[in-house]
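Shown next, in structure tokens, is the structure this report addresses.
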Amino acid sequence: MKVVIDTNVLVSAVLRDRNPETVILFVLEQDDFAWIVSEEILAEYRNVLARPRLGIPDSIQRLWLRLINSLTSTFTVDLTFNFPRDQKDAKFLACALSASAEFLITGDRDFSDAQRLVSTTILSVSQFKRLICDNYA
């Protein structure tokens, strides 16, 4: 199953562990799951993790970026998605659509408006953990 992960989930995993880290590790550990990214998403991951206000040490940034670079599947996004609610989130929807991703995991409530626009199931971290991780055989 293809999964797109919003930047806020990654940041939460890096800063706080708990459910976001559990969900990301679950996706990475399952042979039949793939964490899907685009070049634009990778750039956002790098830029956000490097924000000084987050205070993420360079060593932790490098660790997570190595993990992301080696364990994600980069997909070429060949469409533009118009998401008026928050255009900066459109890259995640475009990636999910281009890759035919089954899930988009986010902590951003703006995406609730997008569910009617895409076939990808949009879930919060806690929903994905409860519905998928905790019930996966």
Does any residue of region 10-24 turn out to be among the acidic types (D, E) and surrounded by 14 or more Cβ atoms within 10 Å (Cβ to Cβ)?
-> yes
Could you tell me which numbered condition R66 fails, if it satisfies all but one of (1) surrounded by 13 or more Cβ atoms within 10 Å (Cβ to Cβ); (2) out of contact with any Leu (no Cβ under 8 Å at 6 or more places or on another chain)?
-> (1)
Selection over region 36-59 where residues are under 18 Å from L104 (Cβ atoms) and buried (at least 19 other Cβ atoms within 10 Å of the Cβ) yields a count of 5
Got at least one residue in region 113-126 being under 14 Å from the mean Cα position of the chain (by Cα) and in a loop (DSSP other than H, G, I, E, B)?
-> yes
Exactly one condition in (1) in contact with a helix residue (DSSP H, G or I) (Cβ under 7 Å, 6 or more places away or on another chain); (2) under 21 Å from R130 (Cα atoms) is not met by I41; state its number.
-> (2)
Filter region 93-112 down to residues that are assigned to a loop (DSSP other than H, G, I, E, B) and charged (D, E, K, R) and give me whichever is farthest from F33 (Cα to Cα).
-> D108
Do you know which of the residues in region 70-79 that are touching a residue at least 12 places away in the same chain (Cβ under 8 Å) and within 17 Å of I5 (Cβ to Cβ) is surrounded by the fewest Cβ atoms within 10 Å (Cβ to Cβ)?
-> S73
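Only the coordinates and a few stated rules stand behind these numbers; no lab work does. Predicted model, so just to flag it, every value in this text is computed and none were measured. As a convention, Cβ positions derive from the backbone with ideal geometry for all residues, glycine included, and neighbour counts pool all protein chains shown.
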